[in-house]
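Asker: Structure incoming, see below.
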Amino acid sequence: MRRAFGVALMALACWPLAAAAQEPIRAGYRANSDVALRIWVPTGLVRVVAWDRDSVDVGGTNGKRGRFFGGGAAGQMKLGIEPLDPLNPALPGADITVRVPRRARVWVKMTTGHVDAEGIAGELEVSVVGGSVDVRNAEGVIAIESIDAPVHVSRASGALRIRGGRGTVTLTQAGGTASIATVSGDVLIGGTAALDATIETIGGAITAPVRGTLDLQTHSGTITLAVDPGRALSMLLTARQGTVRNSFRIAKGPPTVTARSFRGDINVVPLVGVKGGK
């Protein structure tokens, strides 16, 4: 009997600690259809989902090191996680889903974590150090900055800007215009959407199908261009200390494709010869 009573006391003593480790988050705010929203979560997972309502809804769980905050006006608001103890170097985290009006202007910042955004048709700006960024079914203006996190953008259109360090940047079915720059991260373009892109790396490889106007530059990475064998393209290909491999006819006129490499090779292959080409 004493043993059972002792076990029960231990269970009761531990229960508040377990409950405090994961606190539920539930909040809602009236918002304009183009509300400007700032989201700050140091670590964890942030999902941003667009919906056809003039409101912002937040749900999820909060870790034991931080507290949820949120508020503002219908046109501008902010929400996120702040530390309980500002002197504690450990990052407070959370797992939250934020539903926003489809044409909202959203800014998400994390130190290390995962950002997953879907359906935004206004503006989306993401800034992370590590973790990952995944954006789907988006249009409008998309700006992403990452140091180590890989970035994946799929089924997007509009104006895209990505700045990365060593994480891989992957675009699938992305149309419109794109400006991409990395240090050592590879850049992979796939799908059939027409994309006008400026891509620059220092050491990362660039792989892209030619379905629009491309301006590619790398110091030591390899450039692979996938072209339609039945289509003559005007291309300007330069590799100072590398090798240019191209067996396709180059048309006259202003270049549709400009590719420059200092040390890396430039390879022109048929669309079926590169992953994601068709």
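Asker: Starting from the range 118-135, keep only residues that are more than 14 Å from Arg163 (Cα to Cα), then list their pairs with residues that are among the basic types (Lys, Arg) whose Cβ atoms are within a distance under 7 Å, requiring at least 6 positions of separation or different chains.
Answerer: Listed by first residue and then by second, the contacts come to Glu118/Arg136; Gly119/Arg102; Ala121/Arg102; Ala121/Arg103; Gly122/Arg103; Gly122/Arg105; Glu123/Arg105.
Asker: Next question, about the same structure. Pick out the one residue from Ala138, Ala117, Ala159, Ala149 that is within 13 Å of the chain's Cα centre (by Cα) and within 21 Å of Thr201 (Cα to Cα). Give the derivation first.
Answerer: Numbers: Ala138 fails: within 21 Å of Thr201 (Cα to Cα); Ala117 fails: within 21 Å of Thr201 (Cα to Cα); Ala159 fails: within 13 Å of the chain's Cα centre (by Cα).
Checking each option against the conditions leaves just Ala149.
Asker: Being at negative phi, surrounded by fewer than 19 Cβ atoms within 10 Å (Cβ to Cβ) and of a type in the set (A, V, I, L, M, F, W, C) is true for just one of Leu124, Leu87. Which residue is that?
Answerer: Result of the check over Leu124, Leu87: Leu87.
Asker: List every residue pair whose Cβ atoms sit under 8 Å apart, with the two residues 6 or more apart in sequence or on different chains, where the first one lies in the range 26-39 and is of a type in the set (Asp, Glu) and the second, anywhere, is surrounded by 16 or more Cβ atoms within 10 Å (Cβ to Cβ) and part of a strand (DSSP E or B).
Answerer: Filtered contacts from the range 26-39: Asp34/Pro101; Asp34/Arg105.
Asker: Still on this model: For the range 95-106, state whether one or more residues are crowded, with 19+ Cβ neighbours inside 10 Å, in the same structural domain as Ile223 (by TED's automatic domain parsing) and within 27 Å of Ile81 (Cβ to Cβ).
Answerer: Checking the range 95-106: not a single residue is crowded, with 19+ Cβ neighbours inside 10 Å, in the same structural domain as Ile223 (by TED's automatic domain parsing) and within 27 Å of Ile81 (Cβ to Cβ).
Matching residues to (1) of a type in the set (Phe, Trp, Tyr); (2) in a strand (DSSP E or B); (3) over 20 Å from Ser146 (Cα atoms):
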position	(1), (2), (3)
Thr170	no, yes, no
Thr177	no, yes, no
Ala181	no, yes, no
Thr192	no, no, yes
Ala208	no, yes, yes
Asp215	no, yes, yes
Gly221	no, no, no
Ser247	no, no, yes
Gly264	no, no, yes
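Asker: If you don't mind, another one. Do we have any residue at all in the range 33-46 that's assigned to a strand (DSSP E or B) and more than 20 Å from Glu118 (Cα to Cα)? Full working, then the answer.
Answerer: Here is the first cut: in the range 33-46, the residues assigned to a strand (DSSP E or B) are 36-40, 43-46.
Right, trim to more than 20 Å from Glu118 (Cα to Cα) and you get none.
Checking the range 33-46: not a single residue is assigned to a strand (DSSP E or B) and more than 20 Å from Glu118 (Cα to Cα).
Asker: Among the residues that make up the range 36-58, is at least one of them at positive phi, small (Gly, Ala, Ser) and at pLDDT 95 or above?
Answerer: Yes, the range 36-58 has at least one match.
Asker: Can you tell me which of Val227, Val257 is touching a residue at least 12 places away in the same chain (Cβ under 8 Å), in contact with a helix residue (DSSP H, G or I) (Cβ under 7 Å, 6 or more places away or on another chain) and closer than 14 Å to Ala208 by Cα?
Answerer: Numbers: Val257 fails: in contact with a helix residue (DSSP H, G or I) (Cβ under 7 Å, 6 or more places away or on another chain).
After ruling out the rest, the residue left standing is Val227.
Asker: Now for a different question. Hey, does the range 64-72 have a residue that's surrounded by 15 or more Cβ atoms within 10 Å (Cβ to Cβ), at pLDDT 95 or above and either within 20 Å of Ile120 (Cα to Cα) or touching a Ser or Thr at 6+ places or on another chain (Cβ under 7 Å) (or both)?
Answerer: Looking for residues that are surrounded by 15 or more Cβ atoms within 10 Å (Cβ to Cβ), at pLDDT 95 or above and either within 20 Å of Ile120 (Cα to Cα) or touching a Ser or Thr at 6+ places or on another chain (Cβ under 7 Å) (or both), one finds none in the range 64-72, hence no.
Asker: Here's another thing I want to ask about it. Would you check which residues across the range 96-131 are more than 30 Å from Val183 (Cα to Cα) and not basic (Lys, Arg) and list them? Spell out how you get there, then give the answer.
Answerer: Of the range 96-131, the ones more than 30 Å from Val183 (Cα to Cα) are 96-104.
Correct list: Ile96, Thr97, Val98, Val100, Pro101, Ala104.
Asker: Related question: Let me confirm something: among Val129, Val183, Val169, Val133, which residue is at pLDDT 95 or above, within 30 Å of Arg99 (Cα to Cα) and in the same structural domain as Pro255 (by TED's automatic domain parsing)? Steps first, answer last, please.
Answerer: Numbers: Val129 fails: in the same structural domain as Pro255 (by TED's automatic domain parsing); Val183 fails: within 30 Å of Arg99 (Cα to Cα); Val133 fails: in the same structural domain as Pro255 (by TED's automatic domain parsing).
Sole residue among the options that is at pLDDT 95 or above, within 30 Å of Arg99 (Cα to Cα) and in the same structural domain as Pro255 (by TED's automatic domain parsing): Val169.
Asker: Are there strands (runs of 3 or more DSSP E) fully within the range 81-163 with at least 2 residues that are of a type in the set (Asp, Glu)? List them. Even if it seems obvious, please write down each step before you answer.
Answerer: Numbers: elements: 93-101, 105-109, 112-118, 123-128, 130-146, 151-163.
By residue number, 112-118, 123-128, 130-146.
Asker: Here is a further query. Checking Gly185 against (1) assigned to a loop (DSSP other than H, G, I, E, B); (2) farther than 30 Å from Asn137 by Cα; (3) without any contact (Cβ under 8 Å) to a residue 40 or more places away in the chain, which test does it fail?
Answerer: If we test Gly185 against (1) assigned to a loop (DSSP other than H, G, I, E, B); (2) farther than 30 Å from Asn137 by Cα; (3) without any contact (Cβ under 8 Å) to a residue 40 or more places away in the chain, just (2) comes out false.
Asker: Give the residues of the range 44-78 that are among the hydroxyl-bearing types (Ser, Thr, Tyr) and within 13 Å of Ile96 (Cα to Cα), sorted by residue number.
Answerer: First, the residues of the range 44-78 that are among the hydroxyl-bearing types (Ser, Thr, Tyr): 55, 61.
Across the range 44-78, the qualifying residue is only Thr61.
Asker: Restricting to the range 194-204, count the residues that are assigned to a loop (DSSP other than H, G, I, E, B) and either without any contact (Cβ under 8 Å) to a residue 12 or more places away in the chain or crowded, with 20+ Cβ neighbours inside 10 Å (or both).
Answerer: Within the range 194-204, the first condition is being assigned to a loop (DSSP other than H, G, I, E, B), and the residues that meet it are 194, 202-204.
Subset that is either without any contact (Cβ under 8 Å) to a residue 12 or more places away in the chain or crowded, with 20+ Cβ neighbours inside 10 Å (or both): 204.
Final tally of qualifying residues: 1.
The values are calculated or read from the model by the stated rules, or taken from the named source; none is laboratory data. If you're wondering where the values come from, they're calculated on a predicted model, not measured in any experiment. When we count neighbours, we look across all protein chains shown, and the Cβ atoms used for this are built from the backbone with ideal geometry, even at glycine.
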